[in-house]
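The structure appears below as structure tokens.
The values are calculated or read from the model by the stated rules, or taken from the named source; none is laboratory data. Owing to the predicted nature of the structure, the values given are computational and were not obtained by experimental measurement. Every residue, glycine as well, gets a Cβ built from its backbone with ideal geometry; the counts of neighbours run over all protein chains shown.
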Amino acid sequence: MLLLASGLFALASMPAWAQTTVSNTVTLTPPAGVTNPGTACAAAGSSFNSATGACSASDTDTIVAPQLNFTKSHAGDFTVGTSGVYTLQVSNIGTAPTSGTITVTDTLPAGLSFVSGTGTGWTCSAVAQDVICTSTTAIAAAAAGNAITLTVGVAAAAAPSVTNSARASGGGDATCPASPAATEARCTPSDPTTVNTAANVAVVKSGPAAAVVGSSYSYTLTLSNSGQAATGSNVVVQDQLPAGVVATAVTGATCGTLPSAAGALLTCTISGPIAAAGTAVVTLTVTAPAAAGSITNYAATNPAGTGNPGTPPGAGCVSDATTSCSSAATTVNAPQLTLTKTASAASFTVGVSGSYTLSVQNTGTASTTVAATITDTIPTGLAIGALPLGCTAATQTVTCTIAAGLAANAIASFTIPVTPQSGVASSVTNTAAVSGGGDAGCPAASRCVASVTTAIPAPALTIDKTAGTPSGSVAGSTIGYTFLVTNTGNVTITGIA
């Protein structure tokens, strides 16, 4: 009978990490010319081959070894100009704890830069684009190790996407080599990452081509985000009002206390955020200045969508990386009143009706915005006749009203009838003035005042009588008298008798 003894066999050359168990079989066969008379093998668990007389025995052993599994992930898309975060996780899917040092090497793609690497038991550093993290903390079989949080800076070169690859090695797992050429999938994960461009906000300002002095009108500020990321929650747009312009109301933003001071620099905040490819509209209601002319309203914002623009709005504003500028020009039109006054004749005659004509022309560029008033003080000695519609009199003062809306270049006229009375001066000057209509220059401007001087002919005789020398001193003597008649009036008198 053959005896099959148990023994120890060296297994170091066997790929233990490639299988969870290993079996070893031993067979003893009688040499040629020798016959095994037995019918069984003595060793427990052995088998007997009756044809050959051979005995065989097998032994199965469980192999325990660590096996690394490395994953790399991130949440959401990255955005240029901000930080991105990767999570690196080393797990042990083997049957024995890890041993020695585990090394994670992450070669960052162009456009990403190392900011920090943290994780319990891990030490991270970077040389150029290579981030290396090491840990000697053992990871139990079938357990996950402590995660590494890798924070990276995201530059424009990373857009529109990058693929970040890393590798893990060590820990007693010879199947995860440190070589960059290693391709074992569980040791060399890759993480494709979408990289969006940062918010890029531009402002466009629009307003009316023309407005009327003192009127209310609106500017529109449209802020558009052409980036692939939303802005922050508070987007600032600044608005420089032209001189004399007052902001009275706003929608779509808050701009501080309104009404504003004339010509103020407004800092307006949009609650936001403005979504990628989105817009926000701010409507600013203002009151036009009192003076006519051309005005320009300026606006600026920060393209990053946060904070004040790098350069405040104004004539010198230039769009660049920190500032988006826009402006809107408006011509401010105004009514302008010009008064003329004429008499019906070069001279009036006592007792004979005459008249004055008052004409107001709008020589400005806009219709009058409020009523205009002509005030005419009729000289003493002229009786006022029946007045035209729109005119009233109080003693010698005549007031005529022109309703709002007198168009540019239009004329409104009133004829005031008068009759010179006895005792009137030989020459009278009549002066009138116009005011209102939305013309801030009246009545002070010379064009708002008009005068006309009219002669009023009137006869005026004086007579002087003197006595001559008597012809004698007795009754019947004669005395001669002389009469001197003088025309002290302003017209020639004929037919005196």
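Taking the range 317-363, which residues are out of contact with any strand residue (DSSP E or B) (no Cβ under 9 Å at 6 or more places or on another chain) and at pLDDT 95 or above?
The answer is ASP320, THR322.
Which residues, taken from the range 168-199, are at pLDDT 95 or above and either basic (Lys, Arg) or farther than 21 Å from ALA144 by Cβ (or both)? PRO192, THR193, THR194, VAL195 - these are the residues of the range 168-199 that are at pLDDT 95 or above and either basic (Lys, Arg) or farther than 21 Å from ALA144 by Cβ (or both). With respect to the stated conditions, CYS317 fails to be surrounded by 17 or more Cβ atoms within 10 Å (Cβ to Cβ) and not in a loop (DSSP other than H, G, I, E, B). Residues that are assigned to a strand (DSSP E or B) and surrounded by fewer than 18 Cβ atoms within 10 Å (Cβ to Cβ) were ranked within the range 344-382; the one that is farthest from the chain's Cα centre (by Cα) is SER347.
Is it fair to say ALA229 is more than 27 Å from THR369 (Cα to Cα), part of a loop (DSSP other than H, G, I, E, B), in contact with an Asp or Glu (Cβ under 9 Å, 6 or more places away or on another chain) and not β-branched (Val, Ile, Thr)? Answer is yes for this residue. Comparison of ALA403, ALA407 shows that the only residue that is under 53 Å from the mean Cα position of the chain (by Cα), under 23 Å from PRO289 (Cβ atoms) and surrounded by fewer than 16 Cβ atoms within 10 Å (Cβ to Cβ) is ALA407.
Each residue in the range 118-129 was checked for being within 44 Å of the chain's Cα centre (by Cα), surrounded by 13 or more Cβ atoms within 10 Å (Cβ to Cβ) and over 11 Å from VAL104 (Cα atoms), and 4 of them qualify. Go through the range 130-146 residue by residue and tally those that are buried (at least 17 other Cβ atoms within 10 Å of the Cβ) and in contact with a strand residue (DSSP E or B) (Cβ under 7 Å, 6 or more places away or on another chain). Here the count works out to 5. Exactly one residue out of ALA185, ALA264, ALA178, ALA174 is within 24 Å of the chain's Cα centre (by Cα) and among the small types (Gly, Ala, Ser), and it is ALA264. Just one residue in the set PRO177, PRO160 is exposed (fewer than 14 other Cβ atoms within 10 Å of the Cβ) and farther than 12 Å from HIS74 by Cβ; that residue is PRO160.
Within the bounds of the range 175-183, is there any residue that is part of a strand (DSSP E or B) and either on the phi > 0 side of the Ramachandran plot or not aromatic (Phe, Trp, Tyr) (or both)? No; the residues of the range 175-183 include none that is part of a strand (DSSP E or B) and either on the phi > 0 side of the Ramachandran plot or not aromatic (Phe, Trp, Tyr) (or both). Among the conditions (1) aliphatic (A, V, I, L, M); (2) more than 42 Å from the chain's Cα centre (by Cα); (3) closer than 24 Å to PRO97 by Cβ, ILE148 misses just one, which is (2). For the range 458-478, a residue qualifies if it is assigned to a loop (DSSP other than H, G, I, E, B) and either out of contact with any Ser or Thr (no Cβ under 8 Å at 6 or more places or on another chain) or exposed (fewer than 10 other Cβ atoms within 10 Å of the Cβ) (or both), and the qualifying residues are PRO459, THR469, GLY472, SER473, VAL474, ALA475, GLY476, SER477, THR478. Residues of the range 134-174 that are in contact with a Pro (Cβ under 8 Å, 6 or more places away or on another chain) and part of a loop (DSSP other than H, G, I, E, B): ALA138, ILE139, ALA140, ALA141, GLY171, GLY172. Could you tell me whether any residue of the range 440-454 is more than 60 Å from the chain's Cα centre (by Cα), surrounded by 15 or more Cβ atoms within 10 Å (Cβ to Cβ) and modelled with pLDDT of 95 or more? Looking through the range 440-454, at least one residue is more than 60 Å from the chain's Cα centre (by Cα), surrounded by 15 or more Cβ atoms within 10 Å (Cβ to Cβ) and modelled with pLDDT of 95 or more. Selection of the range 320-343 for residues being outside any loop (DSSP other than H, G, I, E, B), under 30 Å from ALA199 (Cα atoms) and β-branched (Val, Ile, Thr) yields only THR323.
Does the range 398-412 contain any residue that is within 16 Å of VAL452 (Cβ to Cβ) and at pLDDT below 95? Within the range 398-412, not a single residue is within 16 Å of VAL452 (Cβ to Cβ) and at pLDDT below 95. Whenever a residue of the range 321-334 is touching a residue at least 12 places away in the same chain (Cβ under 8 Å) and more than 12 Å from ASN297 (Cβ to Cβ), its partners that are surrounded by fewer than 19 Cβ atoms within 10 Å (Cβ to Cβ) and hydrophobic (A, V, I, L, M, F, W, C), lying with C-beta atoms within less than 6 angstrom and at least six residues away or across chains, give the pairs SER324/ALA202; THR331/ALA210; ASN333/ALA210. Of all the numbered requirements in (1) part of a loop (DSSP other than H, G, I, E, B); (2) in contact with an Asp or Glu (Cβ under 6 Å, 6 or more places away or on another chain); (3) of a type outside the set (D, E, K, R), ALA404 misses one, and that requirement is (2). Restricting attention to the range 181-211, the residues that are crowded, with 20+ Cβ neighbours inside 10 Å, among the aliphatic types (A, V, I, L, M) and under 19 Å from SER327 (Cα atoms) total 3. The single condition among (1) buried (at least 16 other Cβ atoms within 10 Å of the Cβ); (2) without any contact (Cβ under 8 Å) to a residue 12 or more places away in the chain; (3) not basic (Lys, Arg) that ASN430 does not meet is (2). As a summary of the residue check, LEU221 satisfies the conditions (1) on the phi > 0 side of the Ramachandran plot; (2) touching a Leu at 6+ places or on another chain (Cβ under 9 Å) except for the one numbered (1).
Annotation for the range 412-427: no member residue is surrounded by 13 or more Cβ atoms within 10 Å (Cβ to Cβ), free of Cβ contacts under 8 Å to residues at least 12 places away in the same chain and within 58 Å of the chain's Cα centre (by Cα).
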